[in-house]
Each structure stands twice: as C-alpha cells, then as structure tokens.
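Bear in mind these aren't lab numbers, they're just calculated from the coordinates by the rules spelled out. Since the structure is predicted, the reported quantities are computational estimates derived from the model, not experimental observations. Heads up, the Cβs are rebuilt from the backbone with ideal geometry, glycines too, and the neighbour counts pull from every protein chain shown.
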Amino acid sequence: MHKNRIVLGIETSCDETSVSIVKEKTKFEQEILSNIVNSQVKIHEKSGGVIPEMAARSHSTVIDKLIITAVNKANIKLNEIDAVAATAGPGLLGGLIVGVVAAKTLASVLNKPFIAINHLEGHALSAKLEHKIKYPYLLLLVSGGHTEFTIINGFNDYHRIGTTLDDALGEAFDKSARVLGFKYPGGPEIEKHAKKGDKNKYKFPKPIISQKNCHFSFSGLKTAVAHTVASNKNINAKFKNDIAASFQKTICDILEIKTKRAIFEFKNKYPNKKTTIVVAGGVAANQEIKKIFKNMGKESNYDVFFPSLYLCTDNAAMIAYAGLERLRQKKINSLKFAPKPRWPLDKDAAFLKGKRIDAK
C-alpha cells in the first residue's frame, strides 16, 4: 500500500523565517499540516528595508524553534518525514545558508533526502496548493525581489517570456512608500492610503509600455514619484493619498497592458488551450491588482487564480509542496548542493537587469 509522503519545508530567502509540513493525500492533492512564519518586519522597520546581516542573524536565532513548533503543530514525529526541502536560492546569501544548513543537518540526522528548492518555483506552484490547476498556465510573479512572466509548461519545465529590467514591483512599492514617509513594508501602506486618494491626480510615466514585449521597467516610475514629492512644498495627508492612488493606478495600467501581451504569447504557443493565469508573490495580495485580473478573466473567459494571502508572501508551505513534487519524481539533491543567490527559474533565461531592450 502506498504511503502518503510527508515533506518538511524551510524558507529563509529574505526576511521571513518559515517552516512547514505538507502531506500528500492523493497524486493531485496535498494537505498543509503546519505552516509557521516568523516575520522580521519589526527588525527592519527603522531602516525601511531588509538589512541582510540582521536578517541572517534572525533566521539563525529562531530556525530550530520553528522546526520543533511545525512538527508539534502537524502532530507528527520527526522520523515520519520523508524528505527535507529548503529554499536554496535565489535570495540573500546569509539567509539561504541558514535554511540550507538547517535542512541538510536535519536530513542527515534523519537519513532522509535533501531537496534544494528554487524560491521562484515555490511561488510558481503555490496556487496549486489550493486549486486544481492544469498545465500549462501563465504565471505572473510579482514580489519584493522578482517580477516576471513565465509560461509553466509542466512541472520542472519553465519558459520565462518577460522580466523587470531594473526594480522588482515590490521594491518599487517599498521605495515609493519610503519617500512618502510610510512605514515598511510599503506595499500595504500604499494600498491603504490609495483608498483615500484621487487616482487621476498625477500622471506618472509607464516606462517601455509601448514596446511589444513582456518586460517591465519601474525605475523611471519610482523616480517620478520621488521628484513629485521632492518638488512639493505642501506634503499633507491629501497629497500623500493622491500620490499613492496615482502610483497604484499606474502600476495597474502597466500590469494590464503587459499581461495582455503575455497572453498573446501564451496563446501563440498554446492556441488550443484555455488561457489560465496564476498571479503569485507578495504584491498579488493587492486588492486593486486582483480586480484588474478578475475583470480581465471575466471579460475574456480566462481562468485566473491567486493564492490565499498567507501563500502570497514568502512561506515554507510552497517550498514543502515543491519538495513533494520533486520527491515524487525522485529529483533529490546531494548534501553538497550550494545555495545560489542568483538562480533563474528558466535556466536558459538571460540576465536582463540593467540591460537595454530594443523595442520590437
């Protein structure tokens, strides 16, 4: 009789320390037995951004406690685990080392397989934890460190068709929030203040929007926000709300236009498949962005999926699930596997940050 496999996942790529245990129910279903997340927001609030050394130190302080808590909450024994998975990149090297060393140690002691997970693969598969989504589908990943369109042909078969040439979308939110004097993290603050502002008050640029490709650029938009704030002498609550609302509207416009281009490319590759879109990553929690995609899906009969809020931000449940999928296919790793601060999901994708893309 087949034993339902159990995988423990560890996530430490940035400023959340997370441990989760996911159990296989059937070949296509799984159950999250526990998902413990320790946020470092209070640690990095004063600086307005993540300080890598402090993040790594915080991970190392709590990782052992979180493993014990996750196992206890899952109501299992450590030796019932079939494999240990950990985010091995991309991310901040110090944090990655903490998680990978913890996972390797646990795997070695328990004599269980170690599985190195690409953080982007975790996000790419996160919606499948809750929804029955068939391959292929179009992924829009929007987080603090990554913004890209990837066609998910199947498990372990990924083709990136668009990326950011400079700032990730979450980074643009955080930096724009900082110049407005909002606290970290900036995304939720921008969204909160935007509800009280006039979204048509300021016309901000939409860099490379006319180029017929799926790439993004947010640096010019971020700079325009900073210049508008710096040149205004009356920085009151109304001004901040209007800037936040105008910035958020500009982002929504950019995402809508670029997504339509990405859908065009997806349909070219899969003309006989129904278009399915998954929007994942921390920025996917933004309600205005959700509205844009839900309307797009309704108007054009696309299937659109968002992970639940707790699966949008960095978490170990998506890492454990990716580990379960890899365990099913016997894709395990040596204990000599080294963390990779830069690790594209599509191994053939070119590194484009800082590069100029000519218009097509």
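For the reader, a short list of remarks on this structure follows.
- Stokes-Einstein diffusion for the chain at 10 °C, viscosity 1.306 mPa s, with a Kirkwood radius from C-alpha pairs, works out to 76 µm²/s.
- Per-peptide packing, taken as the mean over residues of other Cβ atoms within 10 Å, places 292-300, 83-91 in the sequence 83-91, 292-300 from highest down.
- Most positive-pole-ward Cα, ASN295, THR276, ILE251, against dipole of the stretch 134-306 from beta carbon charges: ASN295
- Max mean-square fluctuation residue, GNM over the chain, Cα-Cα springs under 10 Å, options LEU66, LEU110, LEU129: LEU110
- Comparing LYS212, LYS290, LYS240 in a Gaussian network model of the chain where C-alpha atoms under 10 Å apart are linked, the largest mean-square fluctuation is found at LYS212.
- Dipole of the chain computed with +1 at Lys/Arg Cβ and -1 at Asp/Glu Cβ about the Cα centre; of ALA127, VAL50, ILE36, farthest Cα towards the positive end is ALA127.
- Built from the Cα atoms of the stretch 134-306, the convex hull projects on average onto 9.7 nm², one quarter of its surface area.
- Listed by Cβ neighbour count within 10 Å, with the fewest neighbours leading, ASP348, ASP314 appear as ASP348, ASP314.
- Coordinate range of the alpha-carbon atoms in the stretch 119-188 per principal axis, descending: 43, 28, 16 Å.
- For the pair the stretch 245-273 and the stretch 199-239, the centres of their Cα atoms are 19 angstrom apart.
- The value for the stretch 1-88 of Rg(Cα) / (2.2 N^0.38 Å) is 1.24.
- Euclidean distance between Cα centres, the stretch 43-117 to the stretch 297-345, Å: 16 Å
- Globularity ratio of the stretch 73-193, using Cα Rg and 2.2 N^0.38 Å: 1.31
- Members of LYS175/LYS195; LYS25/LYS104; LYS25/LYS267; LYS3/LYS77; LYS201/LYS249; LYS132/LYS353 lying beyond 22 Å, as alpha-carbon distances in this model show: LYS25/LYS104; LYS25/LYS267; LYS132/LYS353
- Residues ARG178, ARG326, ranked from the fewest to the most other C-beta atoms within 10 Å, line up as ARG178, ARG326.
- Förster radius 45 Å - calculated FRET efficiency between LYS233 and SER308, Cβ distance, rounded to 0.05: 0.55
- Dividing the summed -39500 (n - 2.57) terms of all DSSP H runs of n ≥ 4 by the residue count of the chain sets its mean residue ellipticity at 222 nm at -13000 deg cm²/dmol.
- Here the scattering of the stretch 26-140 is modelled by Debye summation over its C-alpha atoms, one equal scatterer each and no solvent; at q = 0.20 Å⁻¹ the log10 of I(q)/I(0) is -1.30.
- Order of VAL179, VAL19 - criterion: other Cβ atoms within 10 Å of each residue's Cβ, fewest first: VAL179, VAL19
- Computed about the Cα centre, the dipole magnitude for the chain is approximately 600 debye when only Lys and Arg (+1) and Asp and Glu (-1) carry charge, each at its Cβ.
- Modelled FRET efficiency - R0 22 Å, LYS132 with LYS347, Cβ distances, 0.05 increments: 0.20
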